[in-house]
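> My structure is below; once you've seen it, I'll send some questions.
The values are calculated or read from the model by the stated rules, or taken from the named source; none is laboratory data. Note that the coordinates shown come from a computational prediction; the quantities given were computed from them, not determined experimentally. Glycine gets a Cβ as well: all are built from the backbone with ideal geometry, and neighbour counts include every protein chain shown.
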Amino acid sequence: MALHIKVEIVNPNDLLSGVPSSSTPQFSADTSKIIIQDSLFSSSKKTARLLQSLLMEKEPTSFVIITDSRVRRLYGQKIRELFAPIATTDLIAIPQGERSKTLDCCSEILLQLSKLKFDKNGVLVLLGGGVVGDLGGFVASIYKRGVRYVQVPTTLLAQVDSSIGGKTGVDMPWGKNQVGTIYQPLAVLIDPRFLDTLPERDILNGIGEMVKYGIIANERIFTSLQRKSEFHSLSKTLIDLIEPCCKIKARIVTEDEFEQNVRSILNYGHTVAHAIEASSNFRPNHGISVLIGMLCEGWIARQLGIFEKEDFEREEKLILRILPRRKTKALSLKETTKFVNFAFADKKNIGGKLMMSLPERIGRMHRTSEGSYKIEVPESLLKDAIVRLQSIL
Ligand SMILES: NC(=O)c1ccc[n+]([C@@H]2O[C@H](COP(=O)([O-])OP(=O)(O)OC[C@H]3O[C@@H](n4cnc5c(N)ncnc54)[C@H](O)[C@@H]3O)[C@@H](O)[C@H]2O)c1
């Protein structure tokens, strides 16, 4: 498949000077740029110049910041002041949490954008976690058949994962992310300072995706996490891992934007995670569901003889150390049939078959002899994995 987009990490100084360094060969229009810098949003002058150089090709008529109620309270005014000197800036806030990731909320935002007379030359600024990013990205992809948008991720999960790669969408009654598009942001602006206000449960949420990167592509990330003695607060190790995680995602998305093959490895743990979320009415948070999903899918990989025993045990030991017991015990995993139905409704399945991407080592995913990263999993094995899960959590 032809390359549609290049996603790369860009040094903000290179962007400002217009001279790419050797590690950032060119700034072409089809490059979705990722900028990671501590205190990026603390310096208003530098941020304003950076935005101007990002928007160089077509000056924006206006900005609309889309955010949620909590992030609005914490950062709404400050971010609005940063954008306002460049163009008229309005703000739309949705209620915080996964329950806002719906078509109803999407219609409401579309209506408000039209009332604001937001036009094709405007730029949406998505300020928040994965919910704002997924919903706002979906709005950007359909409003007037597509407008430009910038991601400003404020949760650890959004900074290492959801803001990169252009997957947008909403949840439906029959499952998570069932309606959506792939539509790349102009830029992803990552400032780890936002994480200073992030509560413990949302830090854990991001760690779930970090463990995933360690297993699917980079053993060093996994080992760094293994060395950590606790996972409930933000540490330098976690901040230092943001960039390596973003690099993995950028590389995979650039290689396979529309998930024909290798991009599916990013879904490790997610078939089960999405089924957990949907069957529990989206109560458990995403990262914790992904950790449980990897426990389940890792065991399936082991039963299929794909995952090395020693690495499977390392994975299980680390995940069980991270998971908060009280919360996981409360999950309704006992309704196995409902759960399996949600797993079969997953978008990754083909022709009614349950398809998963599974690891063979920590840091390497399994590829079939035909070169596919997707493997068919028998329904009975999924059921057994859920029953086993209930005994180990
Ligand atoms: N598009 C993708 O590729 C992709 C990948 C992974 C996950 N996701 C999606 O991401 C969503 C989960 O994202 P999330 O975990 O960021 O959830 P979220 O967006 O609901 O944010 C979690 C909570 O943190 C609050 N918050 C955000 N930033 C804050 C800050 N700096 N300080 C204090 N509070 C803050 C929010 O108000 C919210 O209450 C799920 O819907 C999931 O499906 C998408």
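> Somewhere in the stretch 357-376, is a residue in contact with a helix residue (DSSP H, G or I) (Cβ under 7 Å, 6 or more places away or on another chain), of a type outside the set (A, V, I, L, M) and either assigned to a helix (DSSP H, G or I) or outside the structural domain of Cys245 (by TED's automatic domain parsing) (or both)?
No, every residue in the stretch 357-376 fails to be in contact with a helix residue (DSSP H, G or I) (Cβ under 7 Å, 6 or more places away or on another chain), of a type outside the set (A, V, I, L, M) and either assigned to a helix (DSSP H, G or I) or outside the structural domain of Cys245 (by TED's automatic domain parsing) (or both).
> Which one of Ile221, Ile239, Ile182 is in contact with a Gly (Cβ under 6 Å, 6 or more places away or on another chain), surrounded by fewer than 20 Cβ atoms within 10 Å (Cβ to Cβ) and under 21 Å from Ile9 (Cα atoms)?
Ile182
> Look at Lys167 and say whether it is in the same structural domain as Thr61 (by TED's automatic domain parsing), modelled with pLDDT under 95 and within 13 Å of the ligand (Cβ to nearest atom).
no
> Picking from Glu297, Glu310, which residue would you name as being buried (at least 24 other Cβ atoms within 10 Å of the Cβ), among the acidic types (Asp, Glu) and closer than 19 Å to Leu225 by Cβ?
So the residue among Glu297, Glu310 that is buried (at least 24 other Cβ atoms within 10 Å of the Cβ), among the acidic types (Asp, Glu) and closer than 19 Å to Leu225 by Cβ is Glu297.
> What tally of residues in the stretch 95-136 results from selecting those that are crowded, with 19+ Cβ neighbours inside 10 Å, in a loop (DSSP other than H, G, I, E, B) and within 16 Å of the ligand (Cβ to nearest atom)?
Total satisfying the criteria: 2.
> Can you name the condition, by its number, that Ala217 falls short on among (1) out of contact with any Asp or Glu (no Cβ under 6 Å at 6 or more places or on another chain); (2) within 11 Å of the ligand (Cβ to nearest atom)?
Of everything listed in (1) out of contact with any Asp or Glu (no Cβ under 6 Å at 6 or more places or on another chain); (2) within 11 Å of the ligand (Cβ to nearest atom), Ala217 misses just condition (2).
> If Val340 satisfies every condition in (1) surrounded by fewer than 22 Cβ atoms within 10 Å (Cβ to Cβ); (2) within 20 Å of the chain's Cα centre (by Cα) but one, which is the exception?
Answer for Val340: the failing condition is (2).
> On to the next question. Taking into account only those residues within the stretch 254-284 that are surrounded by fewer than 19 Cβ atoms within 10 Å (Cβ to Cβ) and closer than 24 Å to Ser100 by Cα, which is nearest to the ligand (Cβ to nearest atom)?
Only one residue tops the list, namely Phe282.
> In the stretch 353-386, which residues are among the hydrophobic types (A, V, I, L, M, F, W, C) and over 23 Å from Glu310 (Cα atoms)?
Within the stretch 353-386, Leu354, Met355 meet the criteria.
> Related question: Would you be able to say whether some residue in the stretch 298-305 is among the polar types (S, T, N, Q) and in contact with a His (Cβ under 8 Å, 6 or more places away or on another chain)?
no
> Listed residues Glu277, Glu310; which is acidic (Asp, Glu), modelled with pLDDT under 90 and outside the structural domain of Ala158 (by TED's automatic domain parsing)?
None of the others qualify; the one that does is Glu277.
> May I ask you to say which residue of Val160, Val150 is in contact with a helix residue (DSSP H, G or I) (Cβ under 8 Å, 6 or more places away or on another chain), under 21 Å from Glu57 (Cβ atoms) and at pLDDT 95 or above?
Just one listed residue meets the conditions, Val150.
> Sticking with this one: Within the stretch 137-158, how many residues are more than 9 Å from the ligand (Cβ to nearest atom), under 28 Å from Ile203 (Cβ atoms) and in contact (Cβ under 8 Å) with a residue 60 or more places away in the chain?
Residues in the stretch 137-158 being more than 9 Å from the ligand (Cβ to nearest atom), under 28 Å from Ile203 (Cβ atoms) and in contact (Cβ under 8 Å) with a residue 60 or more places away in the chain: 3 in total.
> Give me the pairs, please: first residue somewhere in the stretch 258-271 and touching a residue at least 12 places away in the same chain (Cβ under 8 Å), second residue anywhere and in a helix (DSSP H, G or I) and among the hydroxyl-bearing types (Ser, Thr, Tyr), beta-carbon distance under 9 Å, and either six or more positions apart or on two chains.
Short answer, once both residue conditions are applied: Leu266/Tyr213; Gly269/Ser289; His270/Ser289.
> On to the next question. Return the total of residues in the stretch 138-162 being of a type in the set (Lys, Arg) and either surrounded by 24 or more Cβ atoms within 10 Å (Cβ to Cβ) or not in a helix (DSSP H, G or I) (or both).
1
> Taking Met210 as meeting all but one of (1) among the hydrophobic types (A, V, I, L, M, F, W, C); (2) away from the ligand (no atom under 13 Å from the Cβ); (3) free of Cβ contacts under 8 Å to residues at least 60 places away in the same chain; (4) not assigned by TED's automatic domain parsing to the domain that holds Arg283, write down the number of the exception.
Only one criterion is unmet by Met210, namely (2).
> Restricting the search to the stretch 234-280, which residues are part of a helix (DSSP H, G or I), farther than 16 Å from Ser372 by Cα and polar (S, T, N, Q)?
Thr237, Thr254, Thr271, Ser279
> May I ask you to list pairs of residues, at least six apart or on different chains, whose Cβ atoms are under 9 Å apart, with the first in the stretch 29-45 being within 18 Å of Gln77 (Cβ to Cβ) and the second being of a type in the set (S, T, N, Q) and surrounded by 13 or more Cβ atoms within 10 Å (Cβ to Cβ)?
Partner pairs satisfying both residue conditions: Leu40/Thr47; Phe41/Thr47.
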